[in-house]
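Inspection log for the structure reproduced underneath, given as structure tokens.
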Amino acid sequence: MPCGGCTRLLPDPAFAQKNLSLLSLGWIKELQAINRTDRYIDLGSCVSLNGVLALPNIPALDPLKKALLTIGSASIRNRATLGGNICGRDSFGSAFPALSAMEATVELRSAAGTQWLSIHDLVGQDNLPAIPAGSFLDRVRVPLRDWEHNCIVRKGPGLLPGDTNITLTIVANIEKDAISEIHIVLTGRQLVRNRALEMRLTGKKLPLPAKESENCHHDFLESAVEAGLPAGQAIAVADSVRAFLVDLSGGAS
Ligand SMILES: Cc1cc2nc3c(=O)[nH]c(=O)nc-3n(C[C@H](O)[C@H](O)[C@H](O)COP(=O)(O)OP(=O)(O)OC[C@H]3O[C@@H](n4cnc5c(N)ncnc54)[C@H](O)[C@@H]3O)c2cc1C
């Protein structure tokens, strides 16, 4: 099994019981590379979370950096890698929803060669993580596109993401007093993304009528409950979605 900093694997009692062999990728120079062009930045899968946080003057990375800052302590983030956060098998790491909202792509490597996929291809049909067997993550490509409005909300007990330890990411841009784009992604054990809701909001003039924010609250609540979130938590994340929309409207709706 490939591993990065082992900060997720080693504390996991299930891992200790399985007696698996580890293939440590952390020392491979190519996987620590960071390359930037005008349009995107490539982050090697073994770049540490602090390595990403240390990148200066790239506003497009704001949502990702905010998500990374919610993970562990500074010393954990020194060891923990971006690849290990993306490739958790039982639940989505806290950086995953930001990368999903930012429309990142990933390069996977296997004995057959390399292939670029949307990060959403790492989500199975049941909305659970689905890292293709026999491959490892090479690098992550993040479009250099600023998200003027973005927020990360963490909720739930415990350290590791799971059934009730969840992360909500919302990114949005406004053009000519209308929402030009908005992505809303919730992860824990499953990934929840209501694309119909995102499409409905895109192009809407601001401020949004109060009724529209209420409808969005209702729709996102339904998606979260469908994904198996306990009612209290589903309501809390739907509240956060509504609060973001009200904020976007400048509190005017
Ligand atoms: C105190 C503490 C707090 C934490 N808080 C959080 C938190 O808030 N949110 C959160 O998401 N995590 C948290 N974690 C878990 C962990 O630190 C992070 O998820 C981290 O990013 C995992 O990176 P890693 O390199 O240590 O992964 P590893 O433990 O090395 O690997 C994790 C998984 O990814 C796979 N993997 C690793 N690299 C690759 C690769 N390149 N290609 C394919 N598969 C790969 C491994 O096989 C394994 O299944 C916490 C851990 C601790 C100890």
**Request:** Please sort 196-208, 109-121 by packing, taking for each peptide the average over its residues of neighbouring beta carbons within 10 angstrom, highest first.
**Result:** 196-208, 109-121
**Potential extension, Glu226-Lys18 segment - 0.36 nm per residue separation minus Cα distance** = 71.7 nm
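Quick one, could you list the DSSP H helices from the chain stretching 18 Å or more along their long axis (Cα atoms) with average Kyte-Doolittle hydropathy of -1.0 or above?
Details: long enough: 210-226 (24 Å, -0.94); 231-248 (26 Å, 1.13).
Going by DSSP H runs, the hits are 210-226, 231-248.
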**Message:** With just the Cα atoms defining each centre, how far is the stretch 128-160 from the stretch 1-17? Give it in Å.
**Reply:** 19 Å
**Message:** What figure, in Å² to the nearest 10, do you get for the accessible area of Cys46 with a 1.4 Å probe and non-protein molecules left out?
**Reply:** 20 Å²
**Asked** Just how much of Phe92 is accessible, in Å², when a 1.4 Å probe is used and the result is rounded to the nearest 10?
**Response** 0 Å²
**Asked** Over the chain, what number does the Rg to Rh ratio reach, with both radii from the alpha-carbon atoms and Rh per Kirkwood?
**Response** 0.97
**Complete:** Rounded to a whole %, the carbon-and-sulfur portion of the accessible area of the stretch 78-173 at a 1.4 Å probe is 48 percent
**Message:** Using the Cα centre of the chain as the reference point, and only Cβ charges (+1 on K/R, -1 on D/E), how large is the resulting charge dipole? Debye, rounded to the nearest 20.
**Reply:** 560 debye
**Item:** Size of the stretch 175-253 as Cα extents on the principal axes (Å, biggest first)
**Value:** 37, 19, 15
**Message:** How many angstrom lie between the Cα centre of the stretch 178-253 and the Cα centre of the stretch 18-81?
**Reply:** 29 Å
**Item:** Summed residue charge, Cβ within 15 Å of Arg109's Cβ, Lys/Arg positive, Asp/Glu negative
**Value:** -2
**Complete:** In whole percent, the Cα-Cα distances of the stretch 2-143 spread across 10 Å bins from 0 upward as 11, 45, 36, 7, 0
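The values are calculated or read from the model by the stated rules, or taken from the named source; none is laboratory data. On a predicted model such as this, the values are computed, not experimentally measured, just so you know. Cβ sites come from the backbone with ideal geometry, for glycine too, and all protein chains shown count toward neighbours. Side chains included, ligands, DNA and RNA excluded: accessible areas come from the protein's heavy atoms. Shrake-Rupley method; radii C 1.70, N 1.55, O 1.52, S 1.80 Å.
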